[in-house]
Protein chains: 2
Amino acid sequence: MQAAIDELGFVRNEAARALRKGVAHTLGVVVEDISNPYFTDMARGAEAALNTAGYDALWCTSDGSPEKERRCLDFLEEQGVSGIIITPVALDASRIARLRTRGMQVVLIDRRVPGAGSSSVSVDHVMGGSLAVRHLVAIGRTDIAFVTAEPEPPPLRQRRGGALRALARAGYPPALTISMTESSAAAGQSAARRLLEFGTLPNGIFCANDLMAIGLVNELTRNGVKIPQDCAVIGYDDIDLAATAVVPLTTIHQPRRELGRKATELVLADADNQHIVLAPELVVRDSSE
Amino acid sequence: MQAAIDELGFVRNEAARALRKGVAHTLGVVVEDISNPYFTDMARGAEAALNTAGYDALWCTSDGSPEKERRCLDFLEEQGVSGIIITPVALDASRIARLRTRGMQVVLIDRRVPGAGSSSVSVDHVMGGSLAVRHLVAIGRTDIAFVTAEPEPPPLRQRRGGALRALARAGYPPALTISMTESSAAAGQSAARRLLEFGTLPNGIFCANDLMAIGLVNELTRNGVKIPQDCAVIGYDDIDLAATAVVPLTTIHQPRRELGRKATELVLADADNQHIVLAPELVVRDSSE
DNA sequence: ATGAAAGCGCTAACAA
DNA sequence: TTGTTAGCGCTTTCAT
């Protein structure tokens, strides 16, 4: 049968199928930043899972912009996808409600929107932040700085919250916070410059993600700062580049593909109000010992 | 009108529209490796251009696998996209012919498939390779190594070809070639280790892409090799990370977004047998002087 | 069991 | 101008 189909060059018309069924055989995956491996790995996990289930993925990029996010959702709605996996930027309960009315299950990554009935999968960022700071404290660092981005997305805020709490528990003063306007390697580089201008460097730095940590470590190294002797650095995400950095980076590992896989399961199970929280893990490399 | 539509929450059914028109209002973009900024930047350039023209993008990832590429194309064919932009892995003339028969214009990135009638947009990699080596020679490097991946995709082969030719013209012996099994930062790291095992290091290294160059520079630095004093390194692509690397990386800049933009223009113009070649540019940073 | 027919929502062609 | 209708290719239902 399949052979005959291939022979004749028959190709099913998905538009007709979707029209007849009232819903497309696809799931939308809306990613916040395609150049951050954290998001693409999550999306790949989701895609693998949904391919296995016989679905196809429609990838969209919001680039962190509410406007672009809206256009992604408009597109997915017009396409009649059967569900949406999204790292939301400005998605609110009313839009989610509307999507759900149209029969599209929405699963949020790393965020919850109260009152929308939609499910979510996230990593416990408070725990991750705490893990990071407890590690810095355990190796004897007392003067700790936190590098984040402003406006601060909830996951970063949670990481900082966990960090501050762990610091308070250890009896240390609250960490110095450096806020950048984005969370790229270039931002990490600028953060390092700002830190160097202060004159005295903290002896421990927790960066809200690996990309910033890499940019920061590179800039510090370039200025003769010895990592980890002069200053221990810990990142967050455990992207591939972390392991091959100049100073292999201690970081908080996130089960990114698992995140995408779980999200797919929830969408396909049409689950309401389910919230899965995964645990992050400390990965110790050279940048902290 | 639009206001009323929004008010009533009307959403156009794209499946019905596509069925009626016989073709969807979308273009497929097939990317080889979503974790390489080179490809994602190209795809973003394409997406921006096609959005401007009123189209939506269907992103697919082949992950460099012929099998996955085939599935991407099957998907796009079923979706009835009006055109496809692709960095081909194993796409042959017969498949292209079939797609074209179905009314889908195919534009290839960085590769040509003879006899298929499809257009292409590429960067002149032979020129890029030559540019890289001429720069190394100009700063006095005589013992040059080339780091590539095996199996070697045409763009990398062309870069190496240009490099070898430039070397021959300068009257130097052919470069030592190190082949890795992939072209990631981890592969660059392994290449560095292999080079260090040889005992004598070349004084100039040309890596087939920035990711490998970054992994290589990191590993060499970690082993006490001074870049560029002991060994100058040049990459290829000019990804964002190149500028913020420990040793800011000299590289060959590729107009990635422009590549995507031009490809979109060709698809939408339904151009046959047009071949646009863009010129790369040398960007000198610290890793070479 | 196999076959015929209706209808999903849209657009293009045609009628008034 | 405005309104009506046929039909895209599929799935599902209903009849044989």
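See the values below:
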read-out	value
Within the stretch B:141-172, tally of residues that are more than 21 Å from B:Asn36 (Cα to Cα) and either in contact with a strand residue (DSSP E or B) (Cβ under 9 Å, 6 or more places away or on another chain) or outside the structural domain of B:Pro228 (by TED's automatic domain parsing) (or both)	9
Test: residue in the stretch B:131-139 that is more than 22 Å from B:Gln254 (Cβ to Cβ), among the small types (Gly, Ala, Ser), open to solvent by 50 Å² or more (accessible area, probe 1.4 Å) and at pLDDT 95 or above	no
Within the stretch A:241-259, considering residues that are within 8 Å of chain B (Cβ to nearest Cβ) and closer than 16 Å to B:Ala242 by Cα, the one farthest from the chain's Cα centre (by Cα)	A:Val246
Residue that is nearest to the chain's Cα centre (by Cα) [pool: residues in the stretch B:124-160 that are basic (Lys, Arg) and under 15 Å from B:Met212 (Cα atoms)]	B:Arg159
Test: residue in the stretch B:71-79 that is more than 12 Å from chain A (Cβ to nearest Cβ), surrounded by 18 or more Cβ atoms within 10 Å (Cβ to Cβ) and free of Cβ contacts under 8 Å to residues at least 60 places away in the same chain	no
Conditions (1) more than 19 Å from B:Arg44 (Cβ to Cβ); (2) within 16 Å of DNA strand C (Cβ to nearest atom); number of the one not met by A:Leu99	(2)
Among (1) open to solvent by 40 Å² or more (accessible area, probe 1.4 Å); (2) polar (S, T, N, Q); (3) in contact (Cβ under 8 Å) with a residue 24 or more places away in the chain, the one test that A:Asn209 misses	(1)
Residues that are crowded, with 22+ Cβ neighbours inside 10 Å, away from DNA strand C (no atom under 11 Å from the Cβ) and at the interface with chain A (Cβ under 8 Å from one of its Cβ atoms), drawn from the stretch B:9-39	B:Ala24, B:Ile34, B:Pro37
Qualifying residue in the stretch B:215-225 (condition: away from every other protein chain (no Cβ under 14 Å) and exposed (fewer than 15 other Cβ atoms within 10 Å of the Cβ))	no
Residue list for the stretch B:40-64, filter: open to solvent by less than 10 Å² (accessible area, probe 1.4 Å), more than 9 Å from chain A (Cβ to nearest Cβ) and over 21 Å from B:Ser184 (Cβ atoms)	B:Gly45, B:Ala46, B:Leu50
Filter result for B:Glu67 (more than 11 Å from chain A (Cβ to nearest Cβ) and free of Cβ contacts under 8 Å to residues at least 12 places away in the same chain)	yes
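The values are calculated or read from the model by the stated rules, or taken from the named source; none is laboratory data. Computed from a predicted structure; not experimentally measured. Backbone-built Cβ (ideal geometry, glycine too); neighbour counts: all protein chains shown. Areas reflect the complete protein model, heavy atoms only, side chains present, ligands, DNA and RNA absent. Shrake-Rupley method; radii C 1.70, N 1.55, O 1.52, S 1.80 Å.
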